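*Asks:* Okay, here's the structure, questions in a sec.
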Amino acid sequence: MKKISLLGATGSIGIQTVDILRNNLDCFKLVALSSGKNIEKTREIINDLQPELVSVQQEQDALQLQKEYPHIQFTFGTKGLVEVATHPDSTVLVNAVLGSVGLESTLAAIRMGKTIAIANKETLVTAGHLVMAEARKYNVAILPVDSEHSAIFQSMNGENPKQIERLILTASGGSFRDKTREQLKGVTVKDALNHPNWSMGAKITIDSATMMNKGLEVIEAHVLFNMPFEKIDVLLHKESIIHSLVEYHDTSVIAQLGTPDMRVPIQYALSYPDRLPLVGGNRLNLAQIGQLHFKEVDFDRFRALKLAYDAGRAGGSILTAMNAANEAAVALFLEEKITFLQIEEMIEQVMNDHQNILMPDLETILHVDSETRKTVASMVK
Ligand SMILES: NC(=O)C1=CN([C@@H]2O[C@H](COP(=O)(O)OP(=O)(O)OC[C@H]3O[C@@H](n4cnc5c(N)ncnc54)[C@H](OP(=O)(O)O)[C@@H]3O)[C@@H](O)[C@H]2O)C=CC1
Ligand SMILES: CC(=O)[C@@H](O)[C@H](O)COP(=O)(O)O
Ligand SMILES: [Mn+2]
């Protein structure tokens, strides 16, 4: 029986994680969870899985829930995320919270020796060097949940990492993959939220449309697999059936395939090194699909991907600045305060103005993160 702490339980990944836990009650027990502002969904999960500790975003919600469930402990805010992540009974943290707010709780869980199943890519982008250094120090496994990284992880199983020629991350191209830059001028939030293959949270769906998602994933792959950027490629693959590939120096290419269902990589991170049957999973039928498509990426068209490679190659605090600028700009776009193309314009502006600090410590990262968010907010005034 693995005991689980779950950050971001009410989100897209969180709900799918809860589904897996519910379907495998003899393997997993949810001991602690965090949610944000969705209190109705939080109640549903509490009623279903009876955790010992729950953290919500706001104090008044914690107080209200405490009255309703006196036998459960409630907490709130950033300190609540840390309490959930470090619950003394859990051995695994599933980090499915959104954004760099997940950083401190991840570091705290690593220092408690917990295995980390990480969906929260922003944490690895903003402070990958700190997370991986702590993981090495405390001998903790960081298991990927992101579909591409899970595919790479599975394609590296039993192989010698020194014999890898390159990692190939597949990219659907997002909601606007067939549009020119000119056509992107008039797109709406509703259009952008219409991902062709995956049903996901709003922020990552917009990231997918700008291709910043793939940029964050290139950096995530660099961090998780210790691979230089020269050996990480992106390949457009519109069906999202091949989740990513690893090429070896004998020219062999190993890939992981499957229908687009995030419960597969989530469950694999939870059951690793075993595999559990997926309740309600659709089997891949390649004969029915017939054709798979591949195309080279045009970096002038997908400018955010180029910005992410630039930040990744530079390293240092510019990664935090880029990530925070993206988080802030995407939030503004979702509130319809800026246009779609302004997202990457703002990120580029922030990166151009940034005074880079190599190997930033936690304090520097938190400072750059909050200052960048203020800068982006001031750009729309
Ligand atoms: N969705 C997907 O298929 C995939 C997602 N990922 C990554 O997983 C992470 C989560 O994505 P996704 O599930 O789509 O996101 P969602 O927006 O669907 O969910 C985010 C979760 O985080 C909570 N949350 C948001 N902000 C805060 C905060 N400030 N404090 C506490 N809790 C907060 C939300 O709470 P509430 O809703 O209650 O307010 C919710 O539980 C992201 O890093 C994303 O890039 C990676 C691969 C695939
Ligand atoms: C499901 C998942 O892992 C997402 O990150 C997905 O990869 C988004 O797809 P694209 O970014 O390729 O559109
Ligand atoms: Mn992904």
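*Asks:* So Gly80 ticks every box in (1) out of contact with any strand residue (DSSP E or B) (no Cβ under 6 Å at 6 or more places or on another chain); (2) under 26 Å from Lys41 (Cβ atoms); (3) part of a helix (DSSP H, G or I) but one. Which box is left unticked?
*Replies:* Single failed check for Gly80: (1).
*Asks:* Here's a follow-up. Return the total of residues in the stretch 283-334 being open to solvent by 60 Å² or more (accessible area, probe 1.4 Å), touching a Phe, Trp or Tyr at 6+ places or on another chain (Cβ under 7 Å) and within 25 Å of Lys179 (Cβ to Cβ).
*Replies:* Of the residues in the stretch 283-334, 1 are open to solvent by 60 Å² or more (accessible area, probe 1.4 Å), touching a Phe, Trp or Tyr at 6+ places or on another chain (Cβ under 7 Å) and within 25 Å of Lys179 (Cβ to Cβ).
*Asks:* Go over the candidates Glu165, Glu159 one by one and state the one that is over 24 Å from the mean Cα position of the chain (by Cα), part of a loop (DSSP other than H, G, I, E, B) and away from ligand 2 (no atom under 12 Å from the Cβ).
*Replies:* Answer to the selection: Glu159.
*Asks:* Name the residues in the stretch 114-156 that are of a type in the set (Ser, Thr, Tyr) and more than 12 Å from ligand 3 (Cβ to nearest atom), would you?
*Replies:* Within the stretch 114-156, Thr115, Thr123, Thr126, Tyr138, Ser155 qualify.
*Asks:* Return the only residue of Val94, Val101 being surrounded by 24 or more Cβ atoms within 10 Å (Cβ to Cβ) and either outside any loop (DSSP other than H, G, I, E, B) or of a type in the set (D, E, K, R) (or both).
*Replies:* Going through Val94, Val101 in turn, the sole match is Val94.
*Asks:* Another one. Working only within the stretch 108-147, note down all residues that are touching a residue at least 60 places away in the same chain (Cβ under 8 Å), more than 16 Å from ligand 2 (Cβ to nearest atom) and closer than 21 Å to Gly80 by Cβ.
*Replies:* Ala109, Lys114, Thr126, Ala127, Val131
*Asks:* Still on this structure, please answer the following. Yes or no: Ala141 within 16 Å of ligand 1 (Cβ to nearest atom) and either of a type in the set (A, V, I, L, M, F, W, C) or over 20 Å from the mean Cα position of the chain (by Cα) (or both)?
*Replies:* Here the answer is no, as Ala141 does not meet what is asked.
*Asks:* Restricting to strands (runs of 3 or more DSSP E) lying wholly in the stretch 173-258: which have 1 or more residues that are within 30 Å of Thr10 (Cα to Cα) and within 14 Å of ligand 3 (Cβ to nearest atom)?
*Replies:* Because the criterion is at least 1 residues that are within 30 Å of Thr10 (Cα to Cα) and within 14 Å of ligand 3 (Cβ to nearest atom), the strands (runs of 3 or more DSSP E) in the stretch 173-258 that meet it are 242-248, 253-257.
*Asks:* Within the stretch 173-183, is even one residue on the phi < 0 side of the Ramachandran plot, within 15 Å of ligand 1 (Cβ to nearest atom), in the same structural domain as Glu247 (by TED's automatic domain parsing) and in contact with an Asp or Glu (Cβ under 8 Å, 6 or more places away or on another chain)?
*Replies:* yes
*Asks:* Which residue out of Glu230, Glu217, Glu165 is without any contact (Cβ under 8 Å) to a residue 40 or more places away in the chain and within 19 Å of Glu296 (Cβ to Cβ)?
*Replies:* Glu230
*Asks:* Looking at Val223, Val253, can you tell me which residue is farther than 23 Å from Asp207 by Cβ, at pLDDT 95 or above and open to solvent by 10 Å² or more (accessible area, probe 1.4 Å)?
*Replies:* Being farther than 23 Å from Asp207 by Cβ, at pLDDT 95 or above and open to solvent by 10 Å² or more (accessible area, probe 1.4 Å) holds for just one of Val223, Val253, which is Val253.
The values are calculated or read from the model by the stated rules, or taken from the named source; none is laboratory data. As the structure is a computational prediction, the values presented were derived from the model and not from experiment. Backbone-built Cβ (ideal geometry, glycine too); neighbour counts: all protein chains shown. Accessible surface is based on the protein model in full, side chains and every heavy atom, while ligands, DNA and RNA are left aside. Shrake-Rupley method; radii C 1.70, N 1.55, O 1.52, S 1.80 Å.
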